[in-house]
């Protein structure tokens with residue numbers, strides 16, 4: 001009986017020692033894994049906070065707060081015509097050349113062709129036949145016609161109640177009704193189709209109306 005107890009005691013102690021060693025190994029492994037995780041977390045946290053995260057501060061703005069610029073209906077950076085119309089587009093002369101017949105501003109002048117006194121509601125710009133004619137501003141072509149007196153005519157709505165009149169062009173045109181054009185875009189060529197001014201050298205008859213009234217095209221372009 002004593003031998004049996006002695007052997008059972010050794011076997012019990014051996015099992016207990018093995019159990020203690022196993023628990024110790026598990027504890028060490030857990031500690032190492034936890035420590036590695038904490039270190040990795042610290043590395044990731046440092047990397048995110050320093051390099052990869054952008055913080056934006058927001059601030060409520062009150063309408064009564066001072067020092068903040070506010071837009072008003074009267075503020076504009078665009079040029080304003082004498083009539084009070086604001087033009088947001090640049091302007092250019094449709095043709096470069098000598099003004100051989102200026103705008104008469106409602107005054108009667110002698111027509112060389114008709115030999116009568118009448119107003120001249122545009123300007124005649126001398127240019128060789130076939131010279132390209134450009135739109136003075138961007139806009140939309142509203143009329144293309146062959147007038148018995150003014151010949152081949154193109155009318156462009158330039159916006160803000162500004163209408164451009166380009167008369168005496170050649171038959172072949174670069175635009176049609178409804179077409180949108182840019183400032184400086186070629187719409188046709190100087191011709192000799194205007195019978196009412198046929199005794200003058202080849203030229204473009206160029207006129208501008210603002211709110212339905214004729215105005216000086218040169219002054220309009222230079223404003």
Item to check | Residue list for segment 191-223, restricted to those being closer than 14 Å to residue 150 by Cβ and in contact with a helix residue (DSSP H, G or I) (Cβ under 7 Å, 6 or more places away or on another chain) | outcome: 205, 206, 207
Item to check | Complete set of residues in segment 88-108 that are touching a helix residue (DSSP H, G or I) at 6+ places or on another chain (Cβ under 8 Å) and part of a strand (DSSP E or B) | outcome: 99, 101
Checklist entry - Does residue 175 fit the bill of being at negative phi and part of a loop (DSSP other than H, G, I, E, B)? => result yes
Item to check | Residue check, residue 164 farther than 17 Å from residue 127 by Cα, modelled with pLDDT of 95 or more and out of contact with any strand residue (DSSP E or B) (no Cβ under 6 Å at 6 or more places or on another chain) | outcome: no
Checklist entry - In the list 124, 157, which residue meets the criterion of being within 13 Å of residue 205 (Cβ to Cβ) and in a strand (DSSP E or B)? => result 124
Checklist entry - Just a yes or no: is a residue in segment 74-87 farther than 20 Å from residue 204 by Cα, at pLDDT 95 or above, touching a strand residue (DSSP E or B) at 6+ places or on another chain (Cβ under 9 Å) and not in a strand (DSSP E or B)? => result no
Next on the checklist: When you scan segment 109-116, do you find a residue that is surrounded by 14 or more Cβ atoms within 10 Å (Cβ to Cβ), closer than 20 Å to residue 90 by Cα and touching a residue at least 60 places away in the same chain (Cβ under 8 Å), even just one?
Outcome noted: no
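The values are calculated or read from the model by the stated rules, or taken from the named source; none is laboratory data. Predicted model only: the values in this text are computed from it and were never measured. Ideal geometry is used to build each Cβ from the backbone, glycine not excepted, and the neighbour counts take in all protein chains shown.
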